1. Karplus couplings for the range 175-180 from phi (6.51 cos²θ - 1.76 cosθ + 1.60, θ = phi - 60°), rounded to Hz, Gly and Pro as x?
2. On C-alpha positions alone, give me the angle between the axis of helix 144-154 and the longest principal axis of the chain, in degrees, nearest 10.
3. So what is the orientation-averaged projected area of the chain, using the convex hull of its C-alpha atoms, in nm²?
4. Which aspartates and glutamates, on any chain, are close to residue 162 with Cα under 19 Å apart, when same-chain ones fewer than 8 places away are left out?
5. Each residue of the range 39-51 in turn: what ³J(HN,Hα) in whole Hz from Karplus with 6.51, -1.76, 1.60 and θ = phi - 60°, glycine and Pro shown as x?
6. Counting every Cα pair in the range 7-90, what percent are over 21 Å apart?
7. What distance in nm separates the simple spin-label points at residue 72 and residue 49, each placed 7 Å from Cα in the Cβ direction?
8. Please work out how much length the chain gains when fully extended from residue 195 to residue 80, using 0.36 nm per residue of separation minus the C-alpha to C-alpha distance, in nm with one decimal.
Amino acid sequence: MSLESCLKVFGKRLSIDLIFGIPKKTTEDWIKDLEIAINYGVEHISAYQLTVERGTALFKEVSKNAVVLPGEETMADMYLSGYELLKKNDFKRYEISNFAKKNNVSLHNLSYWRGYQYLGLGPGAHSRVGIWSSREARINCPEPRKWISQVTRTGHGVSFRKRLNQLDVLGELIATGLRKSDGLAREDWDCATNKKILFCEFVEFLTKSNELSDLTPTFSRQITIGKENMSGFLWTKDKIWLEEASLNVADQKTVELYIMLKLFLNSC
């Protein structure tokens, strides 16, 4: 179905996914793709960097240098140029890769980023079921024929299960929460932990750590804390989020907060 047809059926409340970093494509090509979507009046755009998945034909081609991807600087330029164009056209970045006009955010995607439960039913689909100590990660059989055979035989297509520990649950919540412009909310933390470990306790830990001037050798070997090292992070009793510029490097910042999370859980 063409974009024009989709717009006729769903109106402007339509989301499209666009990928940058495609081989042989330039930043100018990427901007043209975005401009087409903008000119059609689409009000939600997801802009994703091309990911080369192991086991795919593209992975093999890239490994042999038969296909060359744009370099890191070009990828960064594509993202930032796209961000500036979307911002100029009244799109709000509410998640690092998702942009919406008139607050037409994707409630479906937000449920993932807020740590809600979800079921993936098709081949290769992922699920997160349960909360806190009963939280479980599931992955379905990726090969369609094997998936069909297993569903017919057992009633489900799950091929992998893992019970998640405290660090797993909160680590995932941090990883997705920091990608949102409004950050990780207290209500989502307290829901994920079933209020067994309160958000306010973690915020208090961050505040005290950030104020330390004389660190013990053991603590300082694990992470150097100080106002300069915690730059880019903002927090209140209700949420933790990243400054606008730091959102561009959310993955790096996630690692920093993840280290703090490990220290916090070890102290509980």
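The values are calculated or read from the model by the stated rules, or taken from the named source; none is laboratory data. None of these values were measured; they are calculated from a predicted model. Neighbour counts are summed over all protein chains in view; Cβ atoms, including those assigned to glycine, are modelled from backbone coordinates with ideal geometry. Calculation scope for accessible area: heavy atoms of the full protein, side chains included, ligands and nucleic acids excluded. Shrake-Rupley method; radii C 1.70, N 1.55, O 1.52, S 1.80 Å.
1. With coefficients 6.51, -1.76 and 1.60, one gets 4, 7, x, 6, 6, 7 Hz.
2. Taking Cα atoms only, the helix is inclined about 60 degrees.
3. Seen from a random direction, the Cα hull of the chain projects 17.8 nm² on average.
4. Those aspartates and glutamates meeting the cut-off are 136, 172.
5. Whole-Hz 3J(HN,Hα) from phi for the range 39-51: 5, 6, x, 4, 10, 9, 10, 9, 10, 10, 6, 4, 10.
6. 38 percent
7. Output for this residue pair reads 0.9 nm.
8. 37.6 nm
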